[in-house]
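The next block holds one structure in the form of structure tokens; read it before the comments.
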Amino acid sequence: MEKRYMNLLENQDIKYWEYRKQIRSTNSVIANNKEIQDLISGTKEGYSFRVLYNNGWGFVYSEQDNMKETIIEAIKIAKALSKETKEKVRIRS
């Protein structure tokens with residue numbers, strides 16, 4: 001992950017954050033009356049952010065090239081949920 005995106009997280013008083021990149025490969029066979037009509041292979045890439053702000057968790061997954069917006073959305077969700085959450089979150093190390 002690029003440093004400019006890490007700065008977005010560090011400047012928000014985030015207790016914890018996590019970034020994951022996923023690559024998924026698929027293979028499909030299309031058949032009709034026992035005859036193969038088509039073979040399809042593909043790869044999808046995506047990433048997710050999990051953010052803890054005070055006591056609220058935010059999580060967003062995207063397959064788009066919009067990392068900045070994805071991080072901002074995860075932070076917004078975490079901040080909104082932290083206002084509603086009364087139970088204190090503790091992270092074990």
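The values are calculated or read from the model by the stated rules, or taken from the named source; none is laboratory data. Not measured: the values here are computed from a predicted model. Don't worry about glycine lacking a Cβ; one is built from the backbone with ideal geometry, like all the others, and counts go over all protein chains shown. Note: accessible area is taken over every heavy atom of the protein model, side chains too, but ligands, DNA and RNA are not part of it. Shrake-Rupley method; radii C 1.70, N 1.55, O 1.52, S 1.80 Å.
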Among the lysines, which have Cα under 27 Å from the Cα of Lys21 when same-chain residues fewer than 8 positions away are ignored?
Lys3, Lys44, Lys68, Lys76, Lys79
With a cut-off of 8 Å between alpha carbons and a minimum separation of six or more residues, what is the relative contact order of the chain in percent?
24
Cross-link reach from Lys88 to aspartates and glutamates, straight Cα distance under 20 Å and at least 8 residues apart if same chain, gives Asp13, Glu18
Structure-based [θ]222 nm, the chain - -39500 (n - 2.57) summed over DSSP H runs of at least 4, per residue, nearest 500
-9000 deg cm²/dmol
Roughly to the nearest percent, how much of the accessible area of segment 1-87 is carbon and sulfur, given a 1.4 Å probe?
46
For the chain, the dipole about the Cα centre with charges only on Cβ (Lys and Arg +1, Asp and Glu -1), to the nearest 20 debye, works out at 560
Mind checking the per residue accessible area of segment 35-87 for me, 1.4 Å probe, whole number of Å²?
66
